[in-house]
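To start, the structure under review is shown below, and the notes come after it.
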Amino acid sequence: VIPSGAGASEGPVIISSWVEAIGPVDEDAIIEVLELQPGARLDRQRLRELILTLYASREVEWLRVEMADAEGGIDVVVRLSMRSKVSSVKVHTKRPAMRVKVRRWVQIELGDTVTTESIEASRRRVKRRLHDRGFTNHLVEAYLEFDRSANTVAVEFEVTLGPPEVVRSV
């Protein structure tokens, strides 16, 4: 264990480092960003800061750095899962004009990071806009199809409008 005040020059030497990831990831870039190149000395405080920076980017879903003693230093393995990206967005509804509006209301674009919050926010936004237009008996469902090998998600919204409410008399 390295005391909290120890600098990088006092940390153990990294003998080897590699990345185990779910989905495609640039392993060399991860090693470089986390400053875990073989031959370097481990600075635990700096590593913590770099991990927090990766999390702040919202690109990393989870990350864990494991270390094992090795002859002359330590071996380091980085286990991580990057957040999936949107590969396609489709809207299914029986009214073509409404399909275009719903697609605009969804506000999810190709390449965006997929989070449950963003999908649910899009679904609620569509429901609110439909309600504002008189479709109070509607159904909006979101379906996600994951492609783990590419770490992408195809997003589909199924929208059933129901009859619009109208003013009959004043």
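Taking the conditions exactly as written (open to solvent by 60 Å² or more (accessible area, probe 1.4 Å) and assigned to a loop (DSSP other than H, G, I, E, B)), does Lys94 satisfy them or not? In short, yes. Scanning segment 81-91 for residues being open to solvent by less than 40 Å² (accessible area, probe 1.4 Å), modelled with pLDDT of 95 or more and closer than 30 Å to Glu27 by Cβ gives a total of 3.
Residues checked against (1) basic (Lys, Arg); (2) without any contact (Cβ under 8 Å) to a residue 40 or more places away in the chain:
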{"position": "Glu27", "(1), (2)": "no, yes"}
{"position": "Glu32", "(1), (2)": "no, yes"}
{"position": "Val65", "(1), (2)": "no, yes"}
{"position": "Val89", "(1), (2)": "no, no"}
{"position": "Arg95", "(1), (2)": "yes, no"}
{"position": "Val102", "(1), (2)": "no, no"}
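Listed by first and then second residue, the pairs linking a residue in segment 145-161 that is over 25 Å from Trp62 (Cα atoms) and open to solvent by less than 50 Å² (accessible area, probe 1.4 Å) to a residue that is assigned to a strand (DSSP E or B) and of a type in the set (Phe, Trp, Tyr), with Cβ atoms under 9 Å apart and 6 or more places separating them unless they lie on different chains, are Phe157/Tyr143.
Considering segment 22-40, and only residues there that are surrounded by 17 or more Cβ atoms within 10 Å (Cβ to Cβ) and more than 12 Å from Val76 (Cβ to Cβ), the residue that is modelled with the lowest pLDDT turns out to be Gly23. Scanning segment 63-80 for residues that are loosely packed, with under 12 Cβ neighbours inside 10 Å and in contact with a strand residue (DSSP E or B) (Cβ under 7 Å, 6 or more places away or on another chain), we see that the one that is farthest from Pro12 (Cα to Cα) is Arg64.
Among residues of segment 49-63 that are in contact (Cβ under 8 Å) with a residue 40 or more places away in the chain, those with a Cβ under 7 angstrom from a residue that is of a type in the set (A, V, I, L, M, F, W, C), sequence gap 6+ or separate chain, pair up as Glu59/Met82. Would you be able to say whether some residue in segment 76-84 is closer than 30 Å to Ala142 by Cβ, of a type outside the set (Lys, Arg) and free of Cβ contacts under 8 Å to residues at least 12 places away in the same chain? No: zero hits. Looking across segment 97-110 at every residue that is over 12 Å from Arg125 (Cα atoms) and open to solvent by 40 Å² or more (accessible area, probe 1.4 Å), the one that is modelled with the lowest pLDDT is identified as Ala97. Here Arg48 does not qualify as assigned to a strand (DSSP E or B) and open to solvent by 40 Å² or more (accessible area, probe 1.4 Å).
Within segment 111-142, being surrounded by fewer than 15 Cβ atoms within 10 Å (Cβ to Cβ), within 28 Å of Trp62 (Cβ to Cβ) and hydrophobic (A, V, I, L, M, F, W, C) holds for one residue alone: Ala121.
The values are calculated or read from the model by the stated rules, or taken from the named source; none is laboratory data. Quick caveat: nothing in here was measured; it's all calculated off a predicted structure. Please note: Cβ atoms are built from the backbone with ideal geometry, for glycine as well, and neighbour counts cover all protein chains shown. Areas reflect the complete protein model, heavy atoms only, side chains present, ligands, DNA and RNA absent. Shrake-Rupley method; radii C 1.70, N 1.55, O 1.52, S 1.80 Å.
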